1. If I ask for residues that are surrounded by 14 or more Cβ atoms within 10 Å (Cβ to Cβ) and of a type in the set (Lys, Arg), which ones from the range 156-182 would you list?
2. Which of the following residues is surrounded by fewer than 14 Cβ atoms within 10 Å (Cβ to Cβ) and among the aliphatic types (A, V, I, L, M): 33, 12?
3. Check the range 296-309 and report whether any residue there is free of Cβ contacts under 8 Å to residues at least 12 places away in the same chain, within 16 Å of ligand 1 (Cβ to nearest atom) and aliphatic (A, V, I, L, M).
4. Do any helices (runs of 4 or more DSSP H) entirely within the range 1-84 hold 1 or more residues that are under 23 Å from residue 345 (Cβ atoms) and touching a residue at least 60 places away in the same chain (Cβ under 8 Å), and if so, which?
5. Filter the range 333-350 down to residues that are under 20 Å from residue 286 (Cα atoms) and within 9 Å of ligand 1 (Cβ to nearest atom) and give me whichever is surrounded by the fewest Cβ atoms within 10 Å (Cβ to Cβ).
6. Which one of the conditions (1) under 16 Å from the mean Cα position of the chain (by Cα); (2) of a type outside the set (Val, Ile, Thr); (3) at pLDDT 80 or above does residue 310 fail to meet, given that it meets all the rest?
7. Being modelled with pLDDT of 95 or more and more than 18 Å from residue 35 (Cα to Cα) is the filter here, so list the residues in the range 57-82 that pass it.
8. Just checking, which of 319, 315 is in contact (Cβ under 8 Å) with a residue 40 or more places away in the chain and buried (at least 19 other Cβ atoms within 10 Å of the Cβ)?
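The values are calculated or read from the model by the stated rules, or taken from the named source; none is laboratory data. Worth saying up front: this structure is predicted, and the values here are computed from it rather than measured. Cβ placement follows ideal geometry from the backbone for every residue including glycine, while neighbour counts extend to all protein chains displayed. All accessible areas refer to the heavy atoms of the entire protein, side chains included, with ligands and DNA or RNA removed. Shrake-Rupley method; radii C 1.70, N 1.55, O 1.52, S 1.80 Å.
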Amino acid sequence: MSATPSVDPEVVAHIDQLHAGISARQRDLLRNVACADRAGRWRDDGCRDMAQWLCGRLGISNWTARRWVSAAHALEQLPHISDALETGILSLDKVVELTRFATPESESRLIKWALRVSPAAIRRKADIANRPSLEETRDADDARFLRWWWFDDGRRMGLEGQFGAAQGAAITKALRRVAETLPELPTDTGLEPTGQDLVEQRCADALEHLCRAASATDADPEMATVVVHTTLGACRRDEDCAVIEDGPVIHPEVARRLSCDARLQFVLHDRAGNALGIGRASRDVPRWLRRQLRHRDRDCCTFPGCEMRGYLQAHHIIHWEDGGLTDYYNLVLVCPFHHKLVHELGWDVRLKGSMAQWFRPGGKRYDPGPDPPQRLALDLSSSEARVLDQRRAAVGL
Ligand SMILES: [Zn+2]
Ligand SMILES: [Zn+2]
C-alpha cells in the first residue's frame with residue numbers, strides 16, 4: 001500500500017485564501033451585473049436581456065448567466081447573504097441557490113443552515129419553494145367565449161375571452177410555459193417594456209407561437225396557412241405594400257421577415273395585380289435540409305451567445321425575392337428575436353464556411369467577447385501582468 005502524500009498546510013491555507021479573494025470579486029462582479037442590467041447595457045449589443053449578453057461576453061452557459069443575473073438583483077435585498085459571499089463564508093454556488101428563496105427575514109437563519117449542507121441540498125429546497133401551485137378551479141364552461149376584432153385601420157387586433165377554470169388553468173399554464181422560453185422581440189424605440197408590460201408582451205408572443213405550432217401540424221395545410229399578398233417590388237424595395245389575407249396591411253420589411261418562414265404562403269402580384277404564381281414550394285425549407293441546418297448550426301440560434309433552441313426559423317441570407325436560393329449556404333437558423341433584428345433593425349448575418357458571422361447596423365462585425373485583456377483594469381502586479389501577456393501570446397491573443 002502506498003502512503004498518501006501529505007499536503008503542505010500552507011497550500012491548503014493558500015487555497016482558502018484564494019477562494020475568499022475570488023468570492024469577494026464574484027460579489028463585486030454581481031454588483032456590476034445588476035448595475036449594467038439596470039442601465040440596459042445589453043440592448044446596444046443586440047441582446048434580448050442581460051443573461052444573454054453575459055453568456056456571449058463571458059462565454060458562460062445561459063443557465064449560469066440567468067442564475068447570476070437573478071442573484072445579482074436579489075442580493076441587493078439580502079445584506080447578510082451578500083456579506084457571506086463577500087467574505088468567502090458561502091460559495092457563489094450556494095449563494096446563487098439561496099437567493100432563489102431567501103427573504104430579508106429568513107436570510108440569517110438560512111446562512112447557518114447553508115453552511116452545513118451541500119449546494120445540491122440548497123438547490124432542492126429552492127426548487128420546492130419555487131414550484132408553482134395549481135389553484136383550485138371551478139367549472140364555468142357555459143359562459144366561455146373567445147372573440148377578436150381588427151381596429152386602428154387594421155393595424156391592431158383585439159382579443160377577448162372567458163373560460164372555465166379548468167380550461168383557464170390549461171391555457172395559462174401553456175402560455176406561461178411558452179412565454180418563459182420565448183425571446184422578447186427587439187424594439188427600436190429604446191423604450192423597453194418592464195414588469196407587467198413585459199409579462200403581457202411575452203404572453204402575446206406565446207399565443208402566436210402556440211397557434212403557429214398548431215398550424216404546422218394541421219392535417220390540412222391549406223386551411224392553416226396564413227396568406228400574404230404582396231408584389232415583387234414590395235419584397236425588393238420599401239415601396240408598395242403587403243396585405244395579410246383577411247387582415248391588415250403590413251410593412252414590406254415585415255413581409256420579408258415573414259417570408260423566411262415556411263408556414264406562410266406568399267402570393268406575389270405584378271403591378272397590374274395579377275398573381276405571378278410563385279408559391280410556397282420554392283422557398284420552403286424541406287425537412288432534409290432543415291435537418292442539415294440544425295446539425296450545422298448546433299440546433300441553436302446562430303447569434304453569438306444566444307442559446308435559443310426552440311422556435312428557430314431559417315433565414316435566407318440573400319433573400320428569395322432577390323435571387324437567393326433555398327439551399328444550405330444561403331440559410332441560417334435564427335430565433336424570432338434575432339430574425340427581427342436582421343430584417344427590421346439593420347443587423348446582418350453572413351456565412352463564412354459553415355460559421356455564421358453577425359454584423360451590426362453600419363457593417364461592423366459583432367464580437368461579443370470581452371475586451372482584449374490588456375484593456376481590462378485588472379489589479380495585477382507588473383510581474384503577474386507579464387506572465388499573463390506571455391500566456392496570451394502563446395494562445396495567439
Ligand atoms: Zn429572414
Ligand atoms: Zn437568437
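1. 176
2. Just one listed residue meets the conditions, 12.
3. no
4. 50-58, 62-74
5. Going through the qualifying residues, I end up with 339.
6. Among (1) under 16 Å from the mean Cα position of the chain (by Cα); (2) of a type outside the set (Val, Ile, Thr); (3) at pLDDT 80 or above, the lone unmet condition for residue 310 is (3).
7. Those that are modelled with pLDDT of 95 or more and more than 18 Å from residue 35 (Cα to Cα): 80, 81.
8. Step by step, each of 319, 315 is checked, and only 315 is in contact (Cβ under 8 Å) with a residue 40 or more places away in the chain and buried (at least 19 other Cβ atoms within 10 Å of the Cβ).
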